[in-house]
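Visitor: I'd like to ask some things about the structure below.
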Amino acid sequence: MKRLPVLALLLCLCSVYFVGIYLFVGGFLLVRLEVNRTSGCGDVLQPGGEPADFCRVRPRFSRAVLLIIDALKIDFARFDPSNEAPRPHENKLPVLEETAAARPAHCRLYPFRADPPTTTMQRIKGFTTGSLPTFVDVGNNFASTAILEDNLIHQLGTVGKRVVFMGDDTWESLFPKKFHRSLPFPSFNVKDLHTVDNGILQHLYSTMIGGDWDVLVAHFLGVDHCGHRFGPDHPAMADKLTQMDGVIRSVIDRLQNDTLLVVMGDHGMTDTGDHGGDSQKETDAALFLYSPAPLFPGPPSQNEPDVVPQTDLVPTLALLLGIPIPYSSVGQVLLPLFPPHGQGAVGSLSQLEALWINRKTGKPFPGDVLRNGQRHPTREPLSAEGGLLRLSSEYLATVREGRPPSPELAASLQAYLTSVRDTCRATWARFNPLKMAAGVGHPGVCLLDVFHPV
Ligand SMILES: [Zn+2]
């Protein structure tokens, strides 16, 4: 050991160190190549075969309010009246379950499952592009964090919708100069529970009443910062959630019939208030959908999902607002929001139509996934081109002949969309614990070898 030249030892240590880092990063820092294509209004075929301009069809909703409450986990959104000694974070948002019980045709509360990494920037990218952002998204934007992939904000702007943003300034770096009006507030200081939220509250209600907007996005940070600073079991969290309960009530009171309200968390938090990983406490946020006009056929049915994947918000919002589904979206429309075939209200797509548009636009076509170089062992779902052609001709024939759609057709379209999402998720949104463990273990194992007195 003493005779080992110092330089050789250092080189050896460095190489061992970097191999370990390489292995760990390979398992943890997932890499994804971005698709730089944009969906258009004419991407859908009519039964006759020519492109249909579905942007011209009157959408179900002309406006939407998105309230993003950072780190709003599903546990915070539940209300249990039998709980006589609630903890600080329990039973503080009764407005959600109260409204769901009182107006079942107007709203739903779902667990809203994020894909890892459960960090705010990746989640904002996820629920605006519909894709599965990783820590390293390789695209054209090396010089900035701006999102160049197709996304909801871009599509809304293309059809002339005025998007007003207020809150977490991360949005301003992701969508520079993309908003009709933007009121960003600093998100950097996690000990600051109030600057962003109070900034929003100074403008939210006057903006809603003012009418100079079509889509209003407000991203609150207080709950997340409270988690980081104190954890969920702290009186400050009770105060923060109670404040958010009041905000949601005030927004509901000011909603018009043509407006959809979405209240959502971007991710959850652990019992210590942290997030970023793939544990259920970190992935399961809350999703609350509400409209003063009826939104659902009635109370929740057996067919409703137990959990809504976060990827599914993008295609659902796009079709409810009458814009193309962003190209990179791998999500699936939330079917309970669309009436079954033949029962659609004016301007609303039926479930089969929504699934058809979802299948035709707003997902990386199989070739794109493979062109991205992200090959996955289970290529089977993506290689079923023959099956896709059969589905297409069956759908077009159903619509042309005015036949009621077969349940099998809708099920096949759903199965296809699910397979696309699952394949992408397996490639981009799953940490590789084996590689991570190898990376952590590697330097120690090798150092033991170096210093072993042979
Ligand atoms: Zn956070």
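The values are calculated or read from the model by the stated rules, or taken from the named source; none is laboratory data. Predicted model only: the values in this text are computed from it and were never measured. Counting neighbours? That spans all protein chains shown, and the Cβs are built from the backbone with ideal geometry, glycine included.
Visitor: Would you confirm, using the coordinates I've provided, whether L417 is in a helix (DSSP H, G or I), closer than 19 Å to P340 by Cα and modelled with pLDDT of 50 or more?
Guide: Yes: the conditions hold for L417.
Visitor: Looking at P294, P299, P235 in this structure, which one is surrounded by fewer than 19 Cβ atoms within 10 Å (Cβ to Cβ) and under 27 Å from R162 (Cα atoms)?
Guide: Going through P294, P299, P235 in turn, the sole match is P294.
Visitor: Hey, could you check the stretch 196-232 for residues that are of a type in the set (S, T, N, Q) and surrounded by fewer than 16 Cβ atoms within 10 Å (Cβ to Cβ) and say which is farthest from D271 (Cα to Cα)?
Guide: Filtering the stretch 196-232 for residues that are of a type in the set (S, T, N, Q) and surrounded by fewer than 16 Cβ atoms within 10 Å (Cβ to Cβ), the one farthest from D271 (Cα to Cα) comes out as S206.
Visitor: Considering only residues that are in a helix (DSSP H, G or I) and small (G, A, S), which ones fall in the stretch 198-218?
Guide: G199, S206, G210
Visitor: Among the numbered criteria (1) within 19 Å of R78 (Cα to Cα); (2) away from the ligand (no atom under 16 Å from the Cβ); (3) touching a Pro at 6+ places or on another chain (Cβ under 6 Å), which one does N257 miss?
Guide: That leaves (1) as the condition not met.
Visitor: Now for a different question. Looking for whichever is among the polar types (S, T, N, Q) and touching a Ser or Thr at 6+ places or on another chain (Cβ under 9 Å) here; the options are S279, S301. Which one fits?
Guide: On inspection, the qualifying residue turns out to be S279.
Visitor: For the stretch 383-391, does any single residue satisfy the condition of being modelled with pLDDT of 70 or more and assigned to a loop (DSSP other than H, G, I, E, B)?
Guide: no
Visitor: Which one is farthest from the ligand (Cβ to nearest atom) among residues in the stretch 150-197 that are of a type in the set (A, V, I, L, M, F, W, C) and assigned to a helix (DSSP H, G or I)?
Guide: Within the stretch 150-197, the match that is farthest from the ligand (Cβ to nearest atom) is L156.
Visitor: Can you tell me how many residues in the stretch 219-237 are within 16 Å of the ligand (Cβ to nearest atom) and assigned to a helix (DSSP H, G or I)?
Guide: Total meeting the criteria: 11.
Visitor: If I ask for residues that are aliphatic (A, V, I, L, M), surrounded by fewer than 24 Cβ atoms within 10 Å (Cβ to Cβ) and part of a loop (DSSP other than H, G, I, E, B), which ones from the stretch 324-340 would you list?
Guide: Within the stretch 324-340, L334 is the sole residue that qualifies.
Visitor: Among all residue pairs at least 6 apart or on different chains, which show Cβ distances below 8 Å where the first residue, located in the stretch 213-234, is basic (K, R) and the second is within 11 Å of the ligand (Cβ to nearest atom)?
Guide: Going by the 8 Å Cβ cut-off, the qualifying pairs are R229/V190; R229/G273.
Visitor: Let me ask you something else. Going by what's in this entry, would A318 be described as within 16 Å of the ligand (Cβ to nearest atom), among the hydrophobic types (A, V, I, L, M, F, W, C) and buried (at least 19 other Cβ atoms within 10 Å of the Cβ)?
Guide: no
Visitor: How many residues does the stretch 251-287 contain that are in contact with a strand residue (DSSP E or B) (Cβ under 9 Å, 6 or more places away or on another chain) and outside any loop (DSSP other than H, G, I, E, B)?
Guide: Number satisfying all stated conditions: 16.
Visitor: Here is a list: I74, I68. Which entry is modelled with pLDDT of 95 or more and under 13 Å from the mean Cα position of the chain (by Cα)?
Guide: I68
Visitor: Restricting attention to the stretch 91-127, and to residues there that are polar (S, T, N, Q) and at pLDDT 95 or above, which single residue is farthest from the ligand (Cβ to nearest atom)?
Guide: Checked the stretch 91-127; the qualifying residue farthest from the ligand (Cβ to nearest atom) is T99.
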